[in-house]
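Have a look at the structure below, then the notes.
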Amino acid sequence: MSIDSQLKVLAVGASGPAAGLVVPELSKRNVHVRGLIHKEDDKEAALKLGAQEVVVGELEDAVALTRALEGMDAAFYIAPVTLEEETEAGEQFVALAKDAGVRRVVFSSVIHPVLSELPNHAAKAPVEEALLDSDLEYVFLHPGVFYQNLAGNWAKVKETGVHGEPWSNETRFSRVDYRDVAEVAAIALTEDRLLYGTFEMCAEGALNRHEVAGLMSEVLGRTVTAKRIDPPKEEPKLARMFAWYDQHSLLGNATTLRAILGREPRTLRAYLEELNG
């Protein structure tokens with residue numbers, strides 16, 4: 001099949017921890033993927049994952065975005081965790097996608113974007129609204145906490161035997177392996193069966209830190225202790241989020257993800273076993 005007859009998809013953050021899992025899923029489906037990457041140094045990683053071409057630019061850069069969106073049929077959109085003006089960048093992306101003639105946007109949002117006390121959640125609700133107002137085809141994915149968030153601290157857990165995070169040990173989270181979300185995103189970009197849907201993306205179970213530490217203990221064959229550590233004072237947005245987590249759990253349901261995949265979602269135990277090699 002020639003490129004001209006292939007579906008063309010822009011993957012925002014194509015070398016990153018989230019979209020970097022979506023790109024291979026699209027490649028499996030014979031999609032021509034253009035990656036939007038943060039810096040030139042990310043080019044090799046994006047191409048290795050399966051992107052056929054890349055555009056270097058920031059999400060806030062309308063010129064780079066216009067170039068990235070040109071000629072695309074669809075786009076996978078996710079905002080970087082560190083993006084300051086997340087709402088404005090998302091709204092601009094939707095407007096530019098429409099101007100470029102993009103037909104469909106799959107937005108990896110967040111579980112419960114209506115939670116106004118959580119800045120990283122609340123920033124995504126207006127982007128969803130912009131997509132609803134745009135008349136573009138859309139799919140909203142609402143993933144729980146990523147298993148992959150545990151990877152950065154895994155070496156320290158193995159070294160110290162402590163699993164520490166800056167909120168209550170008792171707080172429960174619905175979690176998900178982002179590889180499962182990536183598979184759903186690829187389905188949403190290449191098929192019509194999820195069109196105009198909003199889908200909660202969670203695996204089974206909602207463990208607190210004691211229970212996660214228990215799983216880590218079983219996988220490592222040594223005791224891992226749960227600990228609440230002090231939140232960073234210099235990050236007011238994070239401090240606000242952690243204060244909410246001190247008082248509330250963040251819960252979802254696995255039924256939707258299971259139904260879309262046609263199998264059980266990956267488990268946290270299996271992910272930890274992979275981390276442990």
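What to note about this one:
- Note, ³J(HN,Hα) from phi for the range 112-122, Karplus 6.51, -1.76, 1.60, rounded to Hz, x at Gly and Pro: 6, x, 6, 6, 5, 6, 9, x, 6, 8, 4
- When you filter the trypsin sites (Lys or Arg not before Pro) in the range 199-229 for DSSP loop state and at most 15 other Cβ atoms inside 10 Å of their Cβ, you are left with R222.
- Principal axis dimensions, largest first and in whole angstrom, of the range 159-214 by Cα: 46, 23, 18
- Each pair of Cα atoms in the chain enters the Kirkwood radius, and Stokes-Einstein at 37 °C and 0.692 mPa s then converts it into a translational diffusion coefficient of 169 µm²/s.
- Qualifying GluC sites (Glu not before Pro) in the range 137-194, DSSP loop, other Cβ atoms within 10 Å at most 11: E191
- Cross-link partners of K156 among lysines (Cα-Cα below 26 Å; sequence separation of 8 or more within a chain): K227, K233, K237
- Amide H to amide H, with H built 1.01 Å from N, S168 comes under 5 Å of D246, counting only residues 5 or more places away or on other chains.
- Modelled FRET efficiency - R0 25 Å, E274 with L251, Cβ distances, 0.05 increments: 0.50
- Rough spin-label spacing in nm, given labels placed 7 Å along Cα→Cβ, for T223 and R263: 3.8 nm
- Label point of N208 set 7 angstrom out along Cα-Cβ; within the range 130-148, no amide nitrogen lies under 17 Å from it.
- Long-range HN-HN contacts of Y138 with modeled amide H, under 5 Å: V105, Y196
- Amide H contacts of S174: V145, L250, L251, G252, each under 5 Å away and 5 or more positions distant or on a separate chain (H built 1.01 Å from N in the peptide plane; Pro and chain starts excluded).
- Computed about its Cα centre, the charge dipole of the chain is approximately 980 debye, with only Lys, Arg, Asp and Glu carrying charge at their Cβ.
- C-alpha center-to-center spacing [the range 184-233, the range 76-146] in angstrom: 21 Å
Values in this text are rule-based calculations from the coordinates and carry no lab data. The structure presented is a predicted model; accordingly, all values stated were derived computationally and were not measured. Every residue, glycine as well, gets a Cβ built from its backbone with ideal geometry; the counts of neighbours run over all protein chains shown.
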